[in-house]
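Trainee: Right, I'll just put the structure down here and ask away after.
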Amino acid sequence: MSDQKRRRKLDPSASSSASTSKTPRASSSSNYAQDLRKQLKPDADILSSLRRLSAATSAAASSQKPVSISDLDLSSSCREVTDLDSFAVVHSIERLILSVARSILSGQGFSFDVPSRASSNQLYVPELDRIVLLDKSSSRPFANLSTVRKATITARVLSLIHAVLLRQIHVTKRDLFYTDVKLFGDQNQSDAVLDDVSCMLGCTRSSLHVVASEKGVVVGRLVFLDDGDRIDCTRMGIGGKAIPPNIDRVSGLESDALFVLLVEKDAAFMRLAEDRFYNRFPCIILTAKGQPDVATRLFLRRLKVELKLPVLALVDSDPYGLKILSVYMCGSKNMSYDSANLTCPDIKWLGVRPSDLDKYRVPEQCRLPMTEQDVKAGKDLLEEDFVKRNEGWVKELEMMIKTRQKAEIQALSSFGFQYLTEVYLPLKLQQRDWL
């Protein structure tokens, strides 16, 4: 068979020799895209496959007992936090401040014992498939020039949280910062100490009643109660429903979806919402519009745990898209102390993968050259333990670094604005092409 005939083969599961040896031309790529459209089976066949996936995920979730740190015989002790009610957190703060007062009255000054959140104090646990925080702490004395400011900020944040909890209200991290701008300097200072305080008290950050501003959005086959108000996410337009920053007010999750589609960017989310992709293939679509915030991570975990649905992810084909996906899956190093509540380890990487660029003949002009910083980020990911244990991820990352090419989800729009929803995703679902 000649090379020209081989390029006309329609099976996208095989790598295209033409695209690896020669830059795909726009006209041939467009024709190939139309050929792929013809390969789509009736929606009923794809839905049947998705129902089997959903049923298998639900059965596995029901039969498997969740593994926790206490079930494992780890060589090092770890620190994790739990949800606590307001009374318990207030009691912990008052107990801590009483110990500080006793130390001052005894003439010893005072110091806070703060868990270390440094990278060296974190551990990836394969059995849990997430990052955990080890039990190493550092002292933050007031009577030390290098730590006096941080100790003062810690005491101030404890005081503010105590006041918020007594009033039974919620405030944003920005509100917290503006209570004492002169002391905090910038919000990064108060945000960092807020996480320290959460670790010190052994509670989740949401237990402190301090939340981030609304960022994530959700749309699709989901109904839930938001502080008693019934929300139907099929009636939220293309913008979707903002995910509440304090997730404890969300209850009564109901859905007939077959899967959750996690999307990295707002632009792809809007395309999926406007095309009502969730009606063609019953699903729940959500995005944090880039770097995942705590509320979106908590919401996704609740969908996964309470509805027992598989989660498929759509991110850019670059190292940063994979970093974002890894935060959803195994947690961020900044909040490793709360990884048990914030992670969904078994998310399936649906696309856009580096191998898809040739497989779907994405035109060369729609691919972006990787910078040296991009390449370094990709190589750093290859050194992560959670990547090493997934052969498919390793192959895709190695291909990305070798070709030094990246692409955004929107590169698929070169074949048509609705190519993502009408061809690419349906074909991916039909072939069960995920990692």
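Trainee: How many of the residues making up the stretch 142-154 are without any contact (Cβ under 8 Å) to a residue 40 or more places away in the chain and buried (at least 17 other Cβ atoms within 10 Å of the Cβ)?
Mentor: Looking only at the stretch 142-154, we keep the residues that are without any contact (Cβ under 8 Å) to a residue 40 or more places away in the chain, and these are 142-149, 152.
Now drop any that are not buried (at least 17 other Cβ atoms within 10 Å of the Cβ), which leaves 142, 147.
The qualifying residues number 2.
Trainee: Of the residues 47, 53, 36, which is in contact with a strand residue (DSSP E or B) (Cβ under 8 Å, 6 or more places away or on another chain), part of a helix (DSSP H, G or I), surrounded by 11 or more Cβ atoms within 10 Å (Cβ to Cβ) and at pLDDT 85 or above? First the steps, then the outcome.
Mentor: Working: 47 fails: in contact with a strand residue (DSSP E or B) (Cβ under 8 Å, 6 or more places away or on another chain); 36 fails: in contact with a strand residue (DSSP E or B) (Cβ under 8 Å, 6 or more places away or on another chain).
After applying the criteria, what remains is 53.
Trainee: Working only within the stretch 323-357, note down all residues that are among the hydrophobic types (A, V, I, L, M, F, W, C) and out of contact with any strand residue (DSSP E or B) (no Cβ under 8 Å at 6 or more places or on another chain). Before you say what the answer is, go through the steps one by one.
Mentor: Going through the stretch 323-357, the residues among the hydrophobic types (A, V, I, L, M, F, W, C) turn out to be 324-325, 327, 329-330, 335, 340, 342, 344, 347, 349-350, 352, 357.
Residues satisfying the conditions are 324, 327, 335, 342.
Trainee: Any chance you could count how many residues in the stretch 220-256 are open to solvent by 40 Å² or more (accessible area, probe 1.4 Å), acidic (Asp, Glu) and within 26 Å of residue 207 (Cβ to Cβ)?
Mentor: 3
Trainee: Additional query: Could you check the stretch 181-200 and list, in sequence order, the residues that are open to solvent by 20 Å² or more (accessible area, probe 1.4 Å) and within 22 Å of residue 87 (Cβ to Cβ)? Give the steps one after another, and end with the answer.
Mentor: Of the stretch 181-200, the ones open to solvent by 20 Å² or more (accessible area, probe 1.4 Å) are 181-183, 185-189, 191-192, 200.
Across the stretch 181-200, the qualifying residue is only 200.
Trainee: Taking only the stretch 261-294 into account, find how many residues are outside any loop (DSSP other than H, G, I, E, B) and open to solvent by 10 Å² or more (accessible area, probe 1.4 Å). Please lay out each step first, then the result.
Mentor: Of the residues in the stretch 261-294, the ones outside any loop (DSSP other than H, G, I, E, B) are 261-263, 266-274, 277-280, 283-287, 294.
Applying the additional criterion that residues be open to solvent by 10 Å² or more (accessible area, probe 1.4 Å) yields 266-267, 270-271, 274, 279-280, 294.
Within the stretch 261-294, residues that are outside any loop (DSSP other than H, G, I, E, B) and open to solvent by 10 Å² or more (accessible area, probe 1.4 Å) number 8.
Trainee: Find all pairs meeting these conditions: Cβ atoms under 8 angstrom apart; at least six residues apart or on different chains; first residue within the stretch 370-399 and closer than 19 Å to residue 131 by Cα; second residue of a type in the set (S, T, N, Q) and assigned to a helix (DSSP H, G or I).
Mentor: Hits for this filter: 381/326; 384/326; 386/326; 387/326.
Trainee: Here's a follow-up. Keeping to the stretch 92-140, report how many residues are part of a strand (DSSP E or B) and within 17 Å of residue 199 (Cα to Cα).
Mentor: Filtering the stretch 92-140 down to residues part of a strand (DSSP E or B) leaves 111-115, 122-125, 130-134, 137-140.
If we keep only those that are within 17 Å of residue 199 (Cα to Cα) as well, we get 111-115, 122-123, 131-134, 137-140.
Number satisfying all stated conditions: 15.
Trainee: With respect to residue 72, is the statement that it is under 28 Å from the mean Cα position of the chain (by Cα) and open to solvent by less than 70 Å² (accessible area, probe 1.4 Å) true?
Mentor: Numbers: under 28 Å from the mean Cα position of the chain (by Cα): yes; open to solvent by less than 70 Å² (accessible area, probe 1.4 Å): yes.
Answer is yes for this residue.
The values are calculated or read from the model by the stated rules, or taken from the named source; none is laboratory data. Please read these numbers as outputs of a predicted model, since none were measured by experiment. Note that each Cβ is placed from the backbone with ideal geometry, even for glycine, and that neighbours are counted across all protein chains shown. Areas reflect the complete protein model, heavy atoms only, side chains present, ligands, DNA and RNA absent. Shrake-Rupley method; radii C 1.70, N 1.55, O 1.52, S 1.80 Å.
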